[in-house]
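Report on the following structure.
What follows is calculated from the coordinates using simple rules that are stated; it is not laboratory data. Since we're looking at a predicted model, the values are computed, not measured. Reconstructed Cβ throughout: ideal geometry from the backbone, glycine too, with neighbour counts over all protein chains shown.
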Amino acid sequence: MDPLSEFLVMGAVIQMNLLQIKERGLEYEQLGKLPQDVLDFIYEQKLFKLFMSKELGGKDLDLVEGVKVFQQMSAIDGNFGWLITIGTGGNAFIPTFSANVCEKIFMPKDAVIAGSGYPTGIAVKEEGGYVVTGQWKYCSGSNYASTFTMNCFIEEDGIKKDEIISCSVSPQDVEILNDWCAMGLKATASHTIRVNNIWVPEEATFQLGAIKNSYGNSVHSFPFVTFAEASFLSVCLGITENFLEEAYKLTKQRNHDINRAERIGALQFLLMQQQKHYKQYEERFYTTLTLYWQKHQQGVLLTEDEQSQFTQMSKEIAAACVDIANHLIRSLGMEAITETSTLNRIWRNLYTAAQHGFLTP
């Protein structure tokens, strides 16, 4: 049984829900966010809690299982998959808080973190905590986050240091600027957030790699950059899978046109080529990720060279996913350039996902 089937215990009702989610992509794009009923489905299926312990209400999947779910959800809809991937990424912070704070942040059914890793804020050190001011771009899921996280440079005695502190903040202390206007992934609400002179107690700050409770698992000790690269690349693979599926549908629709038989035959051959390339890239990715995960579970540290190789592979495959779509799109007619078409929306989502800093050259 594949991870998605086992994870969702795929019954007829769940399959129907996923099919409906897939068919509503244009609605999400026009809304600029996921509607509440789709969020409720995510909460019910614990899709923001893939790497969270069962004690916190999570699914406690291993890394490869969770990454496959990211891909499969992205193949349903790019916005849907991206937000699940980003939301689950916040699970990485679970070990870094005291048990009480961890339970408060992560245990609610609708718990999900949005935030930014860029240190574009200032945390002024005071007794017992920090006064935080700053602005952070690209905070996916900002419209429903139950907690925001943000990185800040520490300022002490009027002197800005090179040291960075990560802060967790309640939504009521955060202003959302509603400025996300990318060409794709329009429903991810990846807006800029801003805070001004808010108090963040010491217990609400954290550092990646710290272990302050017993809720962590082996996913949380896996190298974070490699984890992030695998997560974002799985989204690109899923969106590319969706693109190939839609391209196949269009090709099938044109089969009856005997006046364009030669052109349709060439398109079918091109599609088969790109499908073959896609499967090769997908196999390469999961073979490498599975090997790395097995080593990690055996207590073998990944070398810097291995992590560097994974980085290079992730960038190459992300670029290859974009190339696959580009090789096909010129042959797919007006569907390719009509913004409201499914094909065009998938193409724009792929370009946007592949533009993430972990995947660009």
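If I fit a long axis through the Cα atoms of helix 63-76 and take the longest principal axis of the Cα atoms of the chain, what angle between them do I get, 0 to 90°, rounded to 10?
The helix 63-76 is inclined about 50 degrees to the chain.
Based on Cα coordinates alone, diagonalise the gyration tensor for the range 112-206, multiply each eigenvalue by 5, take square roots, and list the semi-axes in whole Å, largest first. Numbers along the way, then the final one.
Details: eigenvalues 123, 34, 19 Å².
One finds semi-axes of 25, 13, 10 Å for the range 112-206.
Kindly state, as a whole number, the per residue volume in cubic angstrom of the convex hull around the alpha carbon atoms of the range 3-95. Working shown, then result.
Details: hull volume 8.3 nm³, N = 93.
Output value, Cα hull per residue: 89 Å³.
What FRET efficiency would be calculated for the residue pair residue 284, residue 179, taking the C-beta separation as r and a Förster radius of 35 Å, to the nearest 0.05?
Working: r = 37 Å, r/R0 = 1.06.
Calculated value: 0.40.
Please report the relative contact order for the chain, taking Cα pairs under 8 Å with a sequence separation of at least 6, and give it as a percent rounded to a whole number.
On the way: 612 pairs, mean separation 68.1, N = 361.
Answer for the chain is 19 percent.
With the contact rule set at Cα under 8 Å and sequence spacing of 6 or more, what percent relative contact order holds for the range 224-354? Walk me through the intermediate numbers first.
Values: 86 pairs, mean separation 57.5, N = 131.
About 44 percent, as a whole number.
Just to confirm my numbers, what's the Cα centroid distance between the range 68-87 and the range 101-144 in Å?
23
Loop only by DSSP, 16 or fewer other Cβ within 10 Å of the Cβ. Give me the GluC sites (Glu not before Pro) in the range 122-174 that pass, ordered by residue number. Write out the running numbers ahead of the final one.
Values: sites: 126, 127, 155, 156, 163; in loops: 127.
For GluC sites (Glu not before Pro) across the range 122-174 that sit outside H, G, I, E and B with at most 16 neighbouring Cβ atoms in 10 Å, the list reads 127.
Under a Cβ-Cβ cut-off of 13 Å, what is the net charge of the residues other than residue 53 that fall near it, where Lys and Arg count +1 and Asp and Glu count -1? Intermediate values should be presented prior to the final figure.
Numbers: positive: 46, 49, 54, 59; negative: 55, 60, 62, 103.
Spelling it out: positives minus negatives among the neighbours equals 0.
What net charge is computed for the residues neighbouring residue 360, neighbours being all others with C-beta under 12 Å from the C-beta of residue 360, Lys and Arg scored +1, Asp and Glu -1?
On the way: positive: 315; negative: 229, 316.
With Lys, Arg at +1 and Asp, Glu at -1, the net is -1.
Within 12 Å, Cβ to Cβ, of residue 184, how many net charges do the neighbouring residues add up to if Lys/Arg are +1 and Asp/Glu are -1? Write down the numbers at each step before the final one.
Numbers: positive: 186, 345, 348; negative: 29, 77, 339.
Here the count lands on 0.
Working from Cα positions, state the angle (0 to 90°, nearest 10) between the long axis of helix 342-354 and the longest principal axis of the chain.
40
Order of 109, 125, 276, 49 from fewest to most other C-beta atoms within 10 Å?
On the way: 109 12, 125 17, 276 9, 49 26.
Listed from fewest to most nearby Cβ atoms, that is 276, 109, 125, 49.
For the chain, what is the mean residue ellipticity at 222 nm derived from helices alone (per DSSP H run of n ≥ 4: -39500 (n - 2.57); sum divided by total residues; nearest 500 deg cm²/dmol)?
On the way: 11 runs with 174 residues, N = 361.
That calculation yields -16000 deg cm²/dmol at 222 nm.
How much of the DSSP bridge set in the range 112-206 is antiparallel, in percent, rounded to the nearest 5? Can you show the working numbers first?
On the way: 26 of 35 bridges.
Given both bridge residues lie in the range 112-206, the antiparallel proportion sits at roughly 75 percent.
Exposure proxy check: 148, 227 ranked by fewest other beta carbons within 10 Å?
Working: 148 23, 227 20.
So the ranking, lowest neighbour count to highest, is 227, 148.
So how much slack lies between residue 31 and residue 224, counting 0.36 nm per residue of separation and subtracting their Cα-Cα distance, in nm?
Details: separation 193, 0.36 × 193 = 69.48 nm, distance 3.25 nm.
Gain on extension, residue 31 to residue 224, equals 66.2 nm.
Determine the percent antiparallel among the DSSP beta bridges restricted to the chain, to the nearest 5.
Details: 26 of 35 bridges.
Roughly 75 percent of the DSSP beta bridges within the chain come out antiparallel.
Looking at 158, 116, 341, which one has the Cα that reaches farthest to the positive end of the dipole of the chain (charges on Cβ: Lys, Arg +1; Asp, Glu -1)?
341
Using packing as a proxy for protection, rank 196-202, 234-240, 69-75 so that the peptide with the highest average count of other Cβ atoms within 10 Å comes first. Each step should come with its number before you reach the end.
Values: 196-202: 14.0, 234-240: 30.3, 69-75: 25.6.
Ranking, from highest mean packing down: 234-240, 69-75, 196-202.
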